[in-house]
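*Asks:* The structure is given below, and queries will be raised subsequently.
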Amino acid sequence: MRQCTATADVQMAPFLFAILAGQARLKSEDFDTYAPDATRCELGLWHEGEHAGFVWDWEHKPQEALWARWTADGAMRFESLAHCEIEGGPDGDACTLYRDHPRDHSWNVVDPEMEAFRRRVLAENAGMLAWLTRKRN
Ligand SMILES: [Zn+2]
Ligand SMILES: [Zn+2]
């Protein structure tokens, strides 16, 4: 399943309020380092309801994370959501989305751009990969 293509700018003031509502303190360097300017919807394509992008890991609540939720008209809100954590990826990966998300689990959602990039790298390096994996006599 392909990943939803919706992106949105993160509205900094409401984002900052949402972080401070969820954790008592915030180092400004943490905010500078980890706060994204924009977010990309991580749900599977054609999902119902709002778009959703992970935006913040809580300091003291490892079982939840802060997500930006937005609609096509650009209205954004922030919500702390428990992790989905259902395992089943090719490497036994746990889903990185939130609990009860629509559509497929993250390990079944493919970013078309990343997938195209991966294929191009593989194609461009086919000769080297063959060399690396060749049988040595
Ligand atoms: Zn979406
Ligand atoms: Zn999931």
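*Asks:* Quick one: in segment 28-86, which of the residues that are of a type in the set (A, V, I, L, M, F, W, C) and farther than 20 Å from PHE17 by Cα is farthest from ligand 1 (Cβ to nearest atom)? Steps first, please.
*Replies:* In the first step, residues of segment 28-86 are kept if they are of a type in the set (A, V, I, L, M, F, W, C); the result is 31, 35, 38, 41, 43, 45-46, 52, 54-56, 58, 65-68, 70, 72, 75-76, 78, 81-82, 84, 86.
Narrowing the set further to residues that are farther than 20 Å from PHE17 by Cα leaves 41, 43, 45-46, 72, 84, 86.
On the way: CYS41: 3, LEU43: 5, LEU45: 8, TRP46: 9, ALA72: 9, CYS84: 16, ILE86: 19 Å.
Result: ILE86.
*Asks:* For ARG69, state whether it is in contact (Cβ under 8 Å) with a residue 24 or more places away in the chain, closer than 30 Å to LYS27 by Cα and not in a loop (DSSP other than H, G, I, E, B).
*Replies:* On the way: in contact (Cβ under 8 Å) with a residue 24 or more places away in the chain: no; closer than 30 Å to LYS27 by Cα: yes; not in a loop (DSSP other than H, G, I, E, B): yes.
So ARG69 fails the test.
*Asks:* Inside segment 80-137, can you point out the residues that are near ligand 2 (Cβ under 10 Å from one of its atoms) and in contact (Cβ under 8 Å) with a residue 60 or more places away in the chain?
*Replies:* Passing the criteria: ARG103, ASP104, SER106, ASN108, VAL109.
*Asks:* I'm checking my understanding of the structure. Among residues of segment 1-18 that are in a loop (DSSP other than H, G, I, E, B) and open to solvent by 60 Å² or more (accessible area, probe 1.4 Å), which one is farthest from ligand 2 (Cβ to nearest atom)? Can you show your working first?
*Replies:* Step one: of segment 1-18, the residues in a loop (DSSP other than H, G, I, E, B) are 1, 4-6, 10-11.
So of that shortlist, the ones also open to solvent by 60 Å² or more (accessible area, probe 1.4 Å) come out as 1, 5, 11.
On the way: MET1: 12, THR5: 19, GLN11: 26 Å.
Per the stated criteria, the residue is GLN11.
*Asks:* Scan segment 31-57 residue by residue and report those that are open to solvent by 60 Å² or more (accessible area, probe 1.4 Å) and closer than 14 Å to ASP104 by Cα.
*Replies:* Selection gives TRP46, GLU48.
*Asks:* Just to check your reading of the model, which residue among GLU29, GLU59, GLU48 is more than 16 Å from ligand 2 (Cβ to nearest atom), assigned to a loop (DSSP other than H, G, I, E, B) and more than 16 Å from CYS95 (Cβ to Cβ)?
*Replies:* Working: GLU29 fails: assigned to a loop (DSSP other than H, G, I, E, B); GLU48 fails: more than 16 Å from ligand 2 (Cβ to nearest atom).
Result of the check over GLU29, GLU59, GLU48: GLU59.
Matching residues to (1) farther than 17 Å from HIS101 by Cβ; (2) under 17 Å from the mean Cα position of the chain (by Cα):
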position: GLN11; (1), (2): yes, no
position: PHE15; (1), (2): yes, yes
position: GLY22; (1), (2): yes, no
position: ARG25; (1), (2): yes, no
position: TRP58; (1), (2): yes, yes
position: LEU66; (1), (2): no, yes
position: ASP73; (1), (2): yes, no
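*Asks:* Restricting to segment 95-137, and then to whatever is closer than 18 Å to ALA52 by Cα and of a type in the set (A, V, I, L, M), can you tell me which residue is least open to solvent (accessible area, probe 1.4 Å)? Step through it out loud before you land on a result.
*Replies:* Of the residues in segment 95-137, the ones closer than 18 Å to ALA52 by Cα are 95-112.
Remaining after also requiring of a type in the set (A, V, I, L, M): 97, 109-110.
Working: LEU97: 1, VAL109: 23, VAL110: 58 Å².
That would be LEU97.
*Asks:* Here's something else I'd like to know. Criterion first (away from ligand 2 (no atom under 14 Å from the Cβ) and assigned to a loop (DSSP other than H, G, I, E, B)) does ALA21 satisfy it?
*Replies:* Details: away from ligand 2 (no atom under 14 Å from the Cβ): yes; assigned to a loop (DSSP other than H, G, I, E, B): no.
Criteria not met by ALA21.
The values are calculated or read from the model by the stated rules, or taken from the named source; none is laboratory data. Because the structure is predicted, anything quoted here is derived from the model rather than measured. Note: ideal-geometry Cβ built from the backbone for every residue, glycine included; neighbour counts use all protein chains shown. What goes into the accessible areas is simple: the full protein's heavy atoms, side chains included, and nothing from ligands, DNA or RNA. Shrake-Rupley method; radii C 1.70, N 1.55, O 1.52, S 1.80 Å.
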